[in-house]
Amino acid sequence: MNIPWIEKYRPSTLDEIVGNQAVIEVFKILAEEESMPHLIITGSPGIGKTTVAHAFLNRVFEDKPGLRKECVLEMNASDERGVDVVRVKIKGFLQKKLTYNRFLALDESDSMTMQAQQSMRRLLERHESAKFIFICNDISKISDTIQSRCAILRLSPLSYEEISQILRKTIEKEGMTVCDKSIATIAETSDGDARQALNLLQTLAAISKNVDLGMVQRMSHIPPIDTISRIFSKESTEKEAFTLLDGLFEDGYSSEDISKMIFRLGKDRGEIALLEKASSLLMKLADSSSKVHFYSALAEYKTALLQV
């Protein structure tokens, strides 16, 4: 059975979690509190919100694992968003007679209807022995009345180093050979999303256990950094640079993909002018994907290089 690696290597304890260590320490403290508040765990997709909630509940029931199953209800609100689910499934769980506090973990809770959220708010008020954990990407979609009754814990996207750490551990466990440049490219293009990084690594492993940079660039559709570097180098003429840029578009690379690689090149070089051009391009591309922006920016950059 081909288990997704994001599940296969999911941390089960708070100590195993990579990243967001200051927030993880708060969870460790809360796990020891008998009168802990309701929680909202929020942050962008793929950064471990659900994993943190699982690990937190494991910590709460660390000394009483037999109670975890009967005292915890975990649901995905995107599958069951309506008020009927709140009325039947959740209410039934909350009315069970238990000797220990019960916990309701509601994943993707920002997908719940406002009517369902109103019912949920009433349950928060009536069941003092129940602790609610709302997990969401977009906290603005959680009603103010629920937010005001919860402690809000925000997780940040993982850093390049943290994604690299997760990748290296997985590569070792899977017996893969992956060059440093390939690991760096996967980490940098994941935008702090561990799920995205591991899914790409697993896809590459299905092709070969020996992964090189070319494979990573093809599978993730990343413009070759060497080509981007040549386009924005002092050595290339304006004509050559435009020809190379045309080639990237002809190969199917999107304007956004190219802009992101320009930004990465600027970071690698520590070059402010190139970073400014990339940032300007990304802002313009929010309104238009026109290639004209690229040719204009490239011409300006080449002119500036001649003046250095």
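Observations
Conditions tested, residue by residue: (1) crowded, with 20+ Cβ neighbours inside 10 Å; (2) over 19 Å from the mean Cα position of the chain (by Cα); (3) within 19 Å of residue 130 (Cα to Cα).
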| residue | (1), (2), (3) |
| --- | --- |
| 8 | no, no, no |
| 17 | yes, no, no |
| 32 | no, yes, yes |
| 38 | no, yes, yes |
| 45 | no, no, no |
| 62 | no, yes, yes |
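- Of the residues making up the stretch 235-249, those that are under 12 Å from residue 298 (Cα atoms) and touching a residue at least 24 places away in the same chain (Cβ under 8 Å) number 4.
- Yes/no for residue 219 being under 30 Å from residue 49 (Cα atoms), part of a helix (DSSP H, G or I) and at pLDDT 80 or above: yes
- Of the helices (runs of 4 or more DSSP H) entirely within the stretch 75-183, those holding at least 2 residues that are in contact with a helix residue (DSSP H, G or I) (Cβ under 6 Å, 6 or more places away or on another chain) and touching a residue at least 24 places away in the same chain (Cβ under 8 Å) occupy 114-126, 144-147, 160-173.
- For the stretch 129-171, the tally of residues that are over 14 Å from the mean Cα position of the chain (by Cα), hydroxyl-bearing (Ser, Thr, Tyr) and surrounded by fewer than 19 Cβ atoms within 10 Å (Cβ to Cβ) stands at 5.
- Residues that are of a type in the set (A, V, I, L, M), surrounded by fewer than 17 Cβ atoms within 10 Å (Cβ to Cβ) and farther than 21 Å from residue 54 by Cα are absent from the stretch 187-201.
- If you go through the stretch 245-254 and keep only what is surrounded by fewer than 16 Cβ atoms within 10 Å (Cβ to Cβ) and either in contact with a helix residue (DSSP H, G or I) (Cβ under 8 Å, 6 or more places away or on another chain) or in a helix (DSSP H, G or I) (or both), you end up with 246, 247, 249, 250.
- When the stretch 18-36 is filtered for residues that are under 27 Å from residue 145 (Cβ atoms) and in contact with a Lys or Arg (Cβ under 8 Å, 6 or more places away or on another chain), the ones remaining, listed by number, are 23, 27, 31, 36.
- The stretch 37-64, residues that are over 12 Å from residue 23 (Cβ atoms), touching a strand residue (DSSP E or B) at 6+ places or on another chain (Cβ under 8 Å) and part of a loop (DSSP other than H, G, I, E, B): 37, 61
A quick yes/no check of all residues on (1) without any contact (Cβ under 8 Å) to a residue 24 or more places away in the chain; (2) under 30 Å from residue 195 (Cβ atoms); (3) of a type outside the set (Val, Ile, Thr); (4) loosely packed, with under 12 Cβ neighbours inside 10 Å:
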{"residue": "218", "(1), (2), (3), (4)": "yes, yes, yes, no"}
{"residue": "222", "(1), (2), (3), (4)": "no, yes, no, no"}
{"residue": "233", "(1), (2), (3), (4)": "yes, no, yes, no"}
{"residue": "256", "(1), (2), (3), (4)": "no, yes, yes, no"}
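- Close contacts from the stretch 12-25, counting a first residue that is not assigned by TED's automatic domain parsing to the domain that holds residue 167 and a second that is surrounded by 12 or more Cβ atoms within 10 Å (Cβ to Cβ) and of a type in the set (Ser, Thr, Tyr), with Cβ to Cβ under 8 Å and a gap of 6+ residues or different chains, come to 17/51; 19/156; 19/159; 20/156.
Here is a yes/no grid of residues against (1) modelled with pLDDT under 95; (2) farther than 16 Å from residue 53 by Cβ:
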site: 2; (1), (2): yes, yes
site: 16; (1), (2): no, no
site: 21; (1), (2): no, yes
site: 27; (1), (2): no, no
site: 34; (1), (2): yes, yes
site: 39; (1), (2): no, no
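- The one condition in (1) at pLDDT 70 or above; (2) in a helix (DSSP H, G or I) that residue 273 fails to fulfil: (1)
- The stretch 202-216, residues that are of a type outside the set (A, V, I, L, M) and either surrounded by fewer than 17 Cβ atoms within 10 Å (Cβ to Cβ) or in contact with a Leu (Cβ under 6 Å, 6 or more places away or on another chain) (or both): 203, 208, 209, 210, 212, 214
The values are calculated or read from the model by the stated rules, or taken from the named source; none is laboratory data. All values reported here derive from a predicted model rather than from experimental measurement. Cβ sites come from the backbone with ideal geometry, for glycine too, and all protein chains shown count toward neighbours.
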